[in-house]
Amino acid sequence: MNSAETAVTAMAEPHFPPAFMQRQYEFAAHIRAPHTHPAPADVEDRRMAIYRELFYNNVEGFLSSSFPVLRTLMDDATWHALARDFFARHHCHSPLFLEIPREFLNYLEQERAERPGDPPFLRELAHYEWVELALSIAETDAPETAGEDGDLLAGAPLLSPLAWPLSYRFPVHRISPEFQPQIAGDAPTYLLVYRDRNDEVGFMELNAVSARLFSLLQEQPQRSGSEALHTIVAELEHPHPKAVLDGGLAIMEQWRERGVILGTRC
């Protein structure tokens, strides 16, 4: 048989994975969704139950600790239905446990359609809670500064790479079992989540002007603080530029105190 005939024959013959791989697929499918995928026929259910509980409980426990507010908003049945659906349907792209919250967020944003009973802020709250974990484990090299005490108006303020500006339709930082808004606010909620010099994660709420100031400093790193604030004065057509400059300097000093601004750029 020549090479062409061999290729045609190979294409015509169905390809099945080895028996041990088929057994692994059956085993994994049952652990993921035991109600829809039967266990391998020759494995005692008592033994399978150990794996079913171990795998699910590990993942569910990590989700509960990573999304504590979201967990408190749901009764046990609703929460476990959500966690089970994620466990059964989502295919993670990382073997690391610390990546599970990011995978869960991907599942919420890309795979799980809205369902009756879902709070309207579900995805935004999950994202906000994920940010806290992501910042706590983020690795980055500290950029060089010309000094922590540099002039923030004359110099170019250097933002920490561990300060992340966020914008949401709902005030996610205030959501709790006692406060669950059903309608988005008239204006966005601006938050700045950061990791300080002691590696503690904190947040502060911004208004539209301070959010714009952070955006200007982030978009054009070489811009001086004074230039950024004069841009805001022009955009607002503010009649008292000095008030904007004084207020903006006070905000930047507060950011420097909290480690959001590291100093001025070299």
What dipole magnitude, in Debye to the nearest 20, does segment 157-264 give about its Cα centre under +1 on Lys/Arg Cβ and -1 on Asp/Glu Cβ?
120 debye
Given 223-232, 183-192, 113-122, 97-106, the highest-first ranking by average Cβ count within 10 Å works out to 223-232, 97-106, 183-192, 113-122
Determine ³J(HN,Hα), in whole Hz, for all residues of segment 51-62 in sequence, where each value follows from phi through the Karplus function 6.51 cos²θ - 1.76 cosθ + 1.60 and θ = phi - 60°; x replaces Gly and Pro.
5, 4, 6, 4, 5, 5, 4, 4, 5, 4, x, 5
Radius 11 Å from Cβ of Ile137, net charge of other residues (Lys, Arg +1; Asp, Glu -1):
-2
Tensor-based shape of segment 178-266 (alpha-carbon gyration tensor, a/c under 1.5 rounded, otherwise prolate or oblate):
oblate
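Each value in this text was obtained by applying a stated rule to the coordinates, not by laboratory testing. Since the model is a prediction, treat every value here as computed from it, not as a measurement. Note: ideal-geometry Cβ built from the backbone for every residue, glycine included; neighbour counts use all protein chains shown.
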